[in-house]
1. Does any residue of the stretch 96-104 turn out to be part of a loop (DSSP other than H, G, I, E, B) and either at pLDDT below 90 or touching a helix residue (DSSP H, G or I) at 6+ places or on another chain (Cβ under 9 Å) (or both)?
2. For residues that are of a type in the set (A, V, I, L, M, F, W, C) and assigned to a loop (DSSP other than H, G, I, E, B), scanning just the stretch 66-95, find the one that is modelled with the highest pLDDT.
3. If I filter the stretch 12-30 down to residues being within 14 Å of VAL40 (Cβ to Cβ) and exposed (fewer than 11 other Cβ atoms within 10 Å of the Cβ), which single residue comes out as modelled with the lowest pLDDT?
4. Take the residues in the stretch 62-118 that are closer than 23 Å to ILE9 by Cα and of a type in the set (Gly, Ala, Ser); name whichever of them is surrounded by the most Cβ atoms within 10 Å (Cβ to Cβ).
5. Every residue in the stretch 11-50 that is more than 20 Å from the chain's Cα centre (by Cα), without any contact (Cβ under 8 Å) to a residue 12 or more places away in the chain and in a loop (DSSP other than H, G, I, E, B), please.
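The values are calculated or read from the model by the stated rules, or taken from the named source; none is laboratory data. In this text the structure is predicted, and so the values were computed from the model without any measurement. Note that each Cβ is placed from the backbone with ideal geometry, even for glycine, and that neighbours are counted across all protein chains shown.
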Amino acid sequence: MVWKAFACICRHIDKKPLSGTSYYRLRQVDFDGASSYSEVESVRFESNNIITLYPNPTKSVLYIPDVGLGENKQIVVYDQAGRRTMETSQIANELNVSALVSGLYMMTITTEEGVFYGKFVVN
């Protein structure tokens, strides 16, 4: 029997994070049933980092409130499976989402002021 080593990149989006500090770890189960746990990681989530995107639901253009955008900003959109579906560093407060298929999405906006989170639905 030949075993090949491989790396796995895991990503999970907590769809209902609690305000404050949350702790996460991964459990890995091997083919033989043995399991091990990753190191514990802490994530601080402030409820004031949640933004309201509108109109919601939308078909084409999504408006993003001003969150102290400054000149450096990165917008990343994830689908329900946590896959990155869109990424931009545009400065405008609107985003064309007409190319996305219908479904629920999560957006992260990284600025000099911090990271902001929002959810939206595409019809």
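1. No, the stretch 96-104 contains no residue that is part of a loop (DSSP other than H, G, I, E, B) and either at pLDDT below 90 or touching a helix residue (DSSP H, G or I) at 6+ places or on another chain (Cβ under 9 Å) (or both).
2. ALA81
3. Applying the filter and picking the extreme gives THR21.
4. Across the stretch 62-118, the extreme among qualifying residues is GLY82.
5. Passing the criteria: ASP30, PHE31, ASP32, GLY33, ALA34.
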